[in-house]
Amino acid sequence: MAQFNIHFFKEKSRKIDLDLLIAFFEEIEGMKVEMDEKSVRFNYIHPRLQYEARFLITPKSQVPDIYRLSPKFLDLNFHLEMQILMPDYFANHLFLMVKKVCERFDFHIYNEMFEDVLAFKMDVVQKVFNLLKEAYISKNPVILSDYHMLPKEKSASIFRYLDDQVELQNYYKELETYVPRYHFLTTEKKELVVGIEWKEHSLTVFPPYLDYLFYRIGNEIKIVDYDEAYPLIEKFLLDVPGFIKGTKVLPKKTASKVFKIMKKTKFNTINHTFAKQNMKRLLD
């Protein structure tokens, strides 16, 4: 699969303080440092989203057409490798890491789409990444059969919820409020849908962009269309403070009214046959 690379340069110097660089990366959750006579590898797995990337120091330059770049910038034989087919949320997470590396060690960056080495600029890196991702998808449309495309705003909200879920769980623990994980599913028509499990009589957070509620009553699960249930319970829900737009929570003071609505309402029957989907098959 195609990769997106960011190469690191330094002005008029090739010096890297390896001990400081290793110490920097060891502070990052999910980072594992490996080294041998061939390379130094900073292997990163996002602790909650499980997407992967790696920073490498190699014996030789990996920069193509290096001769055409400004001679005042020297290649450090140090670069980031990441897959081109990944959600913008994780790509931006890596780019923020690159930004911190550049600021900490006074590095500049280069990608094959740049005219020359430049100081880190988030908007430039994001634009080039998205251009290359779109071009790769355009040239290899068949690869999309393995993925489910989401609008960028929806994708960003879903991945941020997943990333911050543990933090939310800690926040709501004392309030005895359940913070559910997403269920990513496809219908018999291969359409992606998103749902959560919600237990009867439990205070619950409702993440953004839900399609279905899997409402558990004892050992029975009732499948409810979220767009059908939400208008009935909306006025009894609160926004999750300081969080993603569209994320709601059922507070204790109105819970009994919501449970009564869920018990009395005859919701439309859902006849879909669902199949589980891997989160890493979502793309924007």
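Only Lys, Arg, Asp and Glu count, each charged at its Cβ (+1, +1, -1, -1), so figure out the dipole size of region 29-108 about its Cα centre, rounded to 20 debye. Display every interim value, and only then the final one.
Values: 11 positive and 11 negative charges, 22 e Å.
In total the dipole reaches around 100 debye.
From the alpha carbon gyration tensor of region 23-83, can you work out the equivalent ellipsoid semi-axes (sqrt of 5 times each eigenvalue) and give them in Å, largest to smallest?
26, 13, 10
Normalising by the residue count of region 180-225, find the relative contact order in percent from Cα pairs under 8 Å and 6+ residues apart.
30 percent
With viscosity set to 1.306 mPa s at 10 °C, what whole-number translational diffusion coefficient in µm²/s follows for the chain from Stokes-Einstein and a Kirkwood radius over Cα pairs? Show your work: numbers first, answer last.
Numbers: Rh = 21.7 Å.
Rounded, D is 73 µm²/s.
Report, by chain and number, residues whose modeled amide H sits under 5 Å from the one on F73, excluding near sequence neighbours (fewer than 5 apart, same chain).
K12
Search the structure for amide H atoms under 5 Å from the amide H of I221, placed 1.01 Å from N in the peptide plane, and list their residues when 5 or more places away or on another chain.
Residues meeting the criterion, in which the H sits 1.01 Å from N, do not exist here.
Using only the alpha carbons of region 109-201, what is the convex hull's orientation-averaged projected area in square nanometres? Don't skip to the end; give the middle numbers.
Working: hull surface 39.0 nm².
With the hull built on Cα positions only, its mean projection is 9.7 nm².
At 1.4 Å probe size, with the rest of the protein present, what percent of the exposed accessible area of the chain is carbon and sulfur atoms?
Numbers: 7830 of 15820 Å².
Summing carbon and sulfur atoms, their accessible area is 49 percent of the total for the chain.
Can you run phi through the Karplus equation (6.51, -1.76, 1.60; θ = phi - 60°) for region 97-114 and list ³J(HN,Hα) in whole Hz, with x for Gly and Pro?
5, 4, 4, 5, 4, 4, 5, 6, 10, 6, 8, 10, 10, 8, 10, 4, 8, 7
Rounded to the nearest 20 debye, what is the charge dipole size of the chain about its Cα centre when +1 sits on each Lys and Arg Cβ and -1 on each Asp and Glu Cβ? Present the calculation step by step, with values, prior to reporting the outcome.
Details: 42 positive and 40 negative charges, 170 e Å.
Result for the chain is approximately 820 debye, rounded to the nearest 20.
Stick to the Cα atoms of region 218-284, pair each with every other, and give me the Kirkwood hydrodynamic radius in Å at one decimal.
Details: mean 1/r = 0.0684 Å⁻¹.
Result for region 218-284 stands at 14.6 Å.
Semi-axes, largest first, in whole Å: what does sqrt of 5 times each Cα gyration tensor eigenvalue give for region 1-143?
Values: eigenvalues 104, 80, 39 Å².
Listed largest to smallest, the semi-axes of region 1-143 are 23, 20, 14 Å.
Past 18 Å, Cα to Cα, is the threshold; run K189/K280; K199/K276; K154/K280; K10/K72 against it and keep the listed order.
On the way: K189/K280 20 Å; K199/K276 20 Å; K154/K280 15 Å; K10/K72 8 Å.
Over 18 Å Cα-Cα: K189/K280; K199/K276.
Å³ per residue of the Cα convex hull, for region 167-284? Could the numbers behind the result be given before it?
On the way: hull volume 15.0 nm³, N = 118.
Convex hull of Cα atoms, per residue: 127 Å³.
Give me a comma-separated list of calculated 3J(HN,Hα) values for region 260-269, in order, Karplus coefficients 6.51, -1.76, 1.60 applied at θ = phi - 60°, integers in Hz, x for any Gly or Pro.
Result, ordered by residue: 5, 4, 5, 6, 8, 6, 8, 6, 4, 6 Hz.
The values are calculated or read from the model by the stated rules, or taken from the named source; none is laboratory data. None of the values given here were measured: they were computed from a predicted structure. No Cβ is skipped: glycine too gets one built from the backbone with ideal geometry, and neighbour counts run over all protein chains shown. To get the accessible areas, we keep the full protein, side chains included, count just its heavy atoms, and leave off ligands, DNA and RNA. Shrake-Rupley method; radii C 1.70, N 1.55, O 1.52, S 1.80 Å.
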